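The values are calculated or read from the model by the stated rules, or taken from the named source; none is laboratory data. Please read these numbers as outputs of a predicted model, since none were measured by experiment. Glycine gets a Cβ as well: all are built from the backbone with ideal geometry, and neighbour counts include every protein chain shown.
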Amino acid sequence: MFDNSSKMTKNEKVAFAMETLQNLYPEIPIPLDHGDPYTLLIAVLLSAQSTDIRVNKITPLLFERASTPQEMIKLTVDEIRKIIKPVGLSPMKSKGIHGLSQILLEKHNGRVPQDFDALEELPSVGHKTASVVMSQAFGVPAFPVDTHIHRLMYRWGFTNGKSVVQTERDAKRLFPKDRWNDLHLQIIWYGREYSPARGWKIKNDIITRTIGRISILKAFDEK
């Protein structure tokens, strides 16, 4: 049933995954709608434990009221919370949005800093959010790991799946640096379309079918 070849080397498997992803996604859409680094930062913050579809429905409502740090701090935390409530975790996210907007004005002249450490010092901004902003807003090589990437890197036998930190480390080690920014988005789209967590049909998942972890392929073969 499967095309997997145990004779393929790790480098050959990596090359196959990269070539397949490039063929499927030569043009790569950005999942979160935004207009500049600040609105991207806010959209990524809102996407935590939510979906891009839901965030893309809410950000136009928020950005109509406030699309700059100067405008955002004129809203109260409660006003922000009411607008973003449908994305979930709104009490924490609204405080984060208001707080980081204040800090951007006080420390960064109202601009989103092009620096990992400075971004991660902002309220509600972790390493993944900082990595997305650095890669998508500024073109700095980064490899943000979300649930799709974490799942696929394990299915493909490219990481042990113990943590997203390890997955990011393995991705950066295996893939060329000049491909990181494209690949992390290509893997996300592939995961959504061909290798989801639920309702996964491995016959449609050419990459896992061809290079996947043997234990996963055997489990499917036995079903």
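Residues in the range 91-117 that are under 20 Å from the mean Cα position of the chain (by Cα) and surrounded by 16 or more Cβ atoms within 10 Å (Cβ to Cβ): 93, 96, 97, 112, 113.
Exactly one residue out of 193, 168 is acidic (Asp, Glu), buried (at least 17 other Cβ atoms within 10 Å of the Cβ) and assigned by TED's automatic domain parsing to the domain that holds residue 209, and it is 168. If you go through the range 144-200 and keep only what is in a helix (DSSP H, G or I), closer than 14 Å to residue 14 by Cβ and out of contact with any Gly (no Cβ under 9 Å at 6 or more places or on another chain), you end up with 170, 171, 172, 173, 174, 177, 179, 180, 183, 186, 187.
Among the residues making up the range 190-223, a single one is touching a Lys or Arg at 6+ places or on another chain (Cβ under 7 Å) and at pLDDT below 90: 216. Against the numbered list (1) within 22 Å of residue 191 (Cβ to Cβ); (2) part of a helix (DSSP H, G or I); (3) not assigned by TED's automatic domain parsing to the domain that holds residue 202, residue 14 comes up short only at (3).
Quick grid of which residues meet (1) of a type in the set (A, V, I, L, M); (2) modelled with pLDDT of 95 or more; (3) under 19 Å from residue 106 (Cα atoms); (4) not assigned by TED's automatic domain parsing to the domain that holds residue 109:
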position	(1), (2), (3), (4)
43	yes, yes, no, no
54	no, yes, no, no
57	no, yes, no, no
61	yes, yes, no, no
71	no, yes, yes, no
77	yes, yes, yes, no
